[in-house]
1. Would you mind calculating the gained length between ALA13 and ASN137 on full extension (0.36 nm times residue separation, minus the Cα-Cα distance), in nm to one decimal?
2. Could you please report the charge total around SER55, scoring K, R as +1 and D, E as -1 over all other residues with beta-carbon less than 11 angstrom from its beta-carbon?
3. Can you sort CYS177, CYS183 from fewest to most other Cβ atoms within 10 Å of each residue's own Cβ?
4. Calculate the FRET efficiency for LEU110 and VAL50 from the Cβ-Cβ distance with a Förster distance of 22 Å, rounded to the nearest 0.05.
5. Mind sorting GLU108, GLU151, GLU19, GLU69 by how few other Cβ atoms lie within 10 Å of their own Cβ, fewest first?
6. Starting from the Cα of PHE65, step 7 Å along the direction of its Cβ; do the same at ASP89; then give the gap between the two resulting points in nm.
7. Output the peptides 24-30, 164-170 sorted from most to least packed, where packing is the average of other Cβ atoms within 10 Å over each peptide's residues.
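Rule-based calculations on the coordinates, nothing more; no lab input. Given the structure is predicted, the values throughout are model-derived calculations rather than measurements. Cβ atoms come from the backbone with ideal geometry, glycine included; neighbour counts cover every protein chain shown.
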Amino acid sequence: FGGFWNAFTSSVAMIIATEIGDKTFFIAAVLSMKHSRSAVFFGAILALIVMTVLSTAMGMMLPNFIPKEYTHLLGGLLFLYFGCKLIYDSRQMEAGKTSEELEEVEEELLQQGKKKADLEEGSRSNRPPSKKQMGWNQVVIQSLTLTFVAEWGDRSQIATIALAASKNPIGVTIGGCVGHSLCTGLAVVGGRMLAARISEKTVSLLGGLIFLIFGIHS
């Protein structure tokens, strides 16, 4: 039972450290400014839950190919690597500079919107585009697909695999889902405003310190 809570708290903390200010965070934040918040949240959290379950399953399979003590060691080294990299990256950033991830997401969504408008131009009458034009189901699908693609291969996925290989998988899964729900909820409610007030440098530094703590603890 103690193993469950250890895995649960580690997973929640890890997700918060990696997801706040990450690409998936800003996808939810930007989409929620244009569409139904409930649809954006539902699509994003569905993708993240599926990804968490898949990542945990991968982590559970690792000990079948690599001895448990080695997976534990590799997990610790991986956390130390992420921690050092995030701290190093934070030292290269300008203080007070807002996230480049946010700018990248806004640019991608803008390009998607232009492509969709070009495709629809010939089949619809010329009328001003509506911000709420997309239906609830369409927003869910867009949020789900964008989040799933952005999350695949992300450091939070790799960290979840490492956690599941060395800790209670149920605790890792539930903790990951709770962590993602908190981060996605925050993004949907006020992610864009938060991004304007918290610099990428600060987020990277705090995330790096949390990863170092995980690595040393492992």
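1. Details: separation 124, 0.36 × 124 = 44.64 nm, distance 3.14 nm.
Stretched fully, the ALA13-ASN137 segment lengthens by 41.5 nm.
2. On the way: positive: none; negative: GLU151, ASP154.
Cβ neighbours under 11 Å give a net charge of -2.
3. CYS177, CYS183
4. On the way: r = 27 Å, r/R0 = 1.23.
So the FRET efficiency works out to roughly 0.20.
5. Ordered by Cβ neighbours within 10 Å, fewest first: GLU69, GLU108, GLU151, GLU19.
6. 2.5
7. 24-30, 164-170
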